[in-house]
Ligand code: SF4
């Protein structure tokens with residue numbers, strides 16, 4: 001299914017081998033939560049994120065020692081055939097930024113307004129220019145400048161981010177990605193709209209400190225859903241407390257739901273008194289089976305045939321409960337009635353067949 005999203009025209013910014021903004025599709029980001037100095041743990045987590053579908057990984061660089069590990073982290077990733085741009089998250093200390101750039105970081109996230117003297121800003125800008133790496137600047141609702149506090153919060157947030165942009169522009173630097181971060185959904189939407197109207201730099205969007213899984217999924221889906229449909233998002237992070245792999249899974253599901261990415265769509269009914277098998281466990285099993293799939297495939301899992309006949313026919317493959325077992329649908333047709341266990345085996349067999357067909361078609365198209 002096509003999506004109706006028309007993306008705003010933003011500048012293209014190169015991060016490693018990837019483009020953010022311009023005509024590029026929305027990229028998925030996440031962030032490690034390991035101690036960056038622990039190279040093996042950090043590399044392991046970056047690999048897990050990339051395996052899950054993450055396209056840009058941010059690592060915290062709280063001190064010089066962490067920044068000095070960037071090169072070795074990149075080398076270890078190369079040995080493992082993991083190719084992903086790394087973004088260094090830096091606060092205040094320009095020496096960390098310089099060290100990270102020297103060590104081969106692909107992008108830095110630092111606010112020039114927090115660096116201190118003009119000389120320090122000039123040095124960071126010069127180093128970033130020499131290596132051709134972009135700088136992400138922005139504002140966070142938790143640390144708004146005092147002199148902007150009289151403004152409505154979303155506007156203050158946007159203006160604080162734009163202030164950082166202007167500092168870089170003043171130093172002749174325009175390889176910029178902008179982010180305005182709030183943990184409030186409405187503030188996130190309004191502040192991003194504001195910035196998108198003023199500058200054409202690509203926007204990194206996400207609800208910050210969105211909370212644990214449920215809270216984040218709801219907040220992030222609303223804010224990102226609205227902004228994606230308005231064409232404002234160039235790259236995104238769904239922030240979730242806990243294992244960052246969940247952030248990637250959620251981001252992929254969001255983009256698939258908006259028809260911006262290919263991926264599986266597992267439809268399952270909410271169950272009721274008519275349900276004849278454990279819909280939830282079958283749906284979870286099916287979701288696991290197709291979790292790494294990057295092709296469109298619609299699978300329906302329905303507790304009975306009351307709605308199942310119609311809905312199952314829209315799916316590539318499906319299963320629905322009947323009095324003595326289940327029926328299995330394949331490409332709009334009921335292909336048989338089975339005992340539950342046999343039906344489940346048939347369902348998985350058909351899913352694998354569809355995936356193999358898609359893979360073969362993909363290979364033949366080259
Ligand atoms: Fe109930 Fe059947 Fe609808 Fe599932 S599909 S909720 S079992 S009526």
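The values are calculated or read from the model by the stated rules, or taken from the named source; none is laboratory data. Quick caveat: nothing in here was measured; it's all calculated off a predicted structure. Every residue, glycine among them, receives a Cβ derived from its backbone with ideal geometry; neighbour counts consider all protein chains shown.
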key: residue 273 being more than 10 Å from the ligand (Cβ to nearest atom) and either crowded, with 18+ Cβ neighbours inside 10 Å or over 25 Å from residue 353 (Cβ atoms) (or both)   = no
message = Any residue that is more than 16 Å from the ligand (Cβ to nearest atom), farther than 21 Å from residue 46 by Cα and in contact with a strand residue (DSSP E or B) (Cβ under 8 Å, 6 or more places away or on another chain) - is there at least one of those in segment 277-285?
response = no
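In the set 27, 36, 32, 42, which member is in contact with a strand residue (DSSP E or B) (Cβ under 9 Å, 6 or more places away or on another chain), under 30 Å from residue 314 (Cα atoms), touching a residue at least 24 places away in the same chain (Cβ under 8 Å) and crowded, with 21+ Cβ neighbours inside 10 Å?
27
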remark   = Picked from segment 249-270 (must be out of contact with any strand residue (DSSP E or B) (no Cβ under 6 Å at 6 or more places or on another chain) and free of Cβ contacts under 8 Å to residues at least 60 places away in the same chain), the residue nearest to the ligand (Cβ to nearest atom) is 270
remark   = Just one listed residue, out of 77, 49, is buried (at least 16 other Cβ atoms within 10 Å of the Cβ) and farther than 25 Å from residue 203 by Cα, and it is 77
request  = Please identify the pairs in which a residue from segment 338-355 that is free of Cβ contacts under 8 Å to residues at least 24 places away in the same chain has its Cβ atom under 9 Å from the Cβ atom of a residue that is part of a helix (DSSP H, G or I) and surrounded by fewer than 16 Cβ atoms within 10 Å (Cβ to Cβ), counting only partners at least 6 apart or on another chain.
outcome  = 338/345
key: Residue satisfying condition, being in contact with a helix residue (DSSP H, G or I) (Cβ under 9 Å, 6 or more places away or on another chain), over 20 Å from residue 181 (Cβ atoms) and assigned by TED's automatic domain parsing to the domain that holds residue 192, within set 78, 69, 129   = 69
ask   = In segment 318-335, is there at least one residue being assigned to a helix (DSSP H, G or I) and within 16 Å of the ligand (Cβ to nearest atom)?
value = no
